[in-house]
Structure formats: structure tokens, C-alpha cells
């Protein structure tokens, strides 16, 4: 890992995920895959609402959806688990799957487990 020990200790005491999200945003050019994995795991531990998990997923997806696909998938999955009130899931749908996601809901649901899980939570009466 290239994250220094002082930063690791500070991030372990992140109260809600904001510090970890800010660290990712401020160091995106120097974060290696292991660092990003640790940061995503740390954020999953500390973000109880899913707010910063959703923001980090959308941020990384916007930067490079292919390079960060594994981390985005992990962050989205964690957001689904944490966002019980469905405050951030609509933003994830729009940010990750595009504003026209409903036009492709059937095919996205068949090919992407995270999409299917979000869609079923937001539209429980849907036939998809």
C-alpha cells in the first residue's frame, strides 16, 4: 500500500465515510488497486447510511468505468445493503446506469445483479 500509516489510522476513525471519500477524491491519481480496495472496504465499514458509498461509486464510474469496475461494483453492492431508506439508490441508478435506465431495465436486470437489486427495492411491484 502507498497510503501512509498516519492516513490509515485517521481513516480507520472516519466517523461516516466522508474522510475516506475525500481521500479518494484528493488522491485519485496516486491510488493503486490495493489502496482503493482498502479504502472501499474502510468506507463500507464506516458509512452506515450508504451516502458516501454511493457518491464514491458514481465518482469512480464517472472517471473510468472500466478501470474502476470492480470497486464500483463493490461500492454499489454495499450502498444497496446500507441505504435502507432508499435515499441514494436513485442517484446510483442515474449515475451508473444512465438517465434512461428504465428503457433498458429488463436487459440490465438480467445482466447486472446490482441493478436488479436496486430496481426491485425502488420498484417492488415491477414485473422485472
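For the list (1) surrounded by 13 or more Cβ atoms within 10 Å (Cβ to Cβ); (2) under 13 Å from the mean Cα position of the chain (by Cα); (3) more than 18 Å from residue 17 (Cβ to Cβ), I need the number of the one condition that residue 74 fails. Among (1) surrounded by 13 or more Cβ atoms within 10 Å (Cβ to Cβ); (2) under 13 Å from the mean Cα position of the chain (by Cα); (3) more than 18 Å from residue 17 (Cβ to Cβ), residue 74 violates only (3). Only residues that are part of a helix (DSSP H, G or I), closer than 16 Å to residue 71 by Cβ and out of contact with any helix residue (DSSP H, G or I) (no Cβ under 7 Å at 6 or more places or on another chain) were counted across the range 23-36, and they come to 4. Kindly indicate whether residue 81 is surrounded by fewer than 21 Cβ atoms within 10 Å (Cβ to Cβ) and at pLDDT below 95. So residue 81 does not fit the description; no. Would you confirm whether any residue within the range 10-18 is under 24 Å from residue 115 (Cα atoms), in contact with a helix residue (DSSP H, G or I) (Cβ under 8 Å, 6 or more places away or on another chain) and not in a loop (DSSP other than H, G, I, E, B)? Scanning the range 10-18, I find no residue that is under 24 Å from residue 115 (Cα atoms), in contact with a helix residue (DSSP H, G or I) (Cβ under 8 Å, 6 or more places away or on another chain) and not in a loop (DSSP other than H, G, I, E, B), so the answer is no. If you go through the range 45-57 and keep only what is surrounded by fewer than 20 Cβ atoms within 10 Å (Cβ to Cβ) and touching a helix residue (DSSP H, G or I) at 6+ places or on another chain (Cβ under 8 Å), you end up with 46, 48, 49.
The values are calculated or read from the model by the stated rules, or taken from the named source; none is laboratory data. If you're wondering where the values come from, they're calculated on a predicted model, not measured in any experiment. Reconstructed Cβ throughout: ideal geometry from the backbone, glycine too, with neighbour counts over all protein chains shown.
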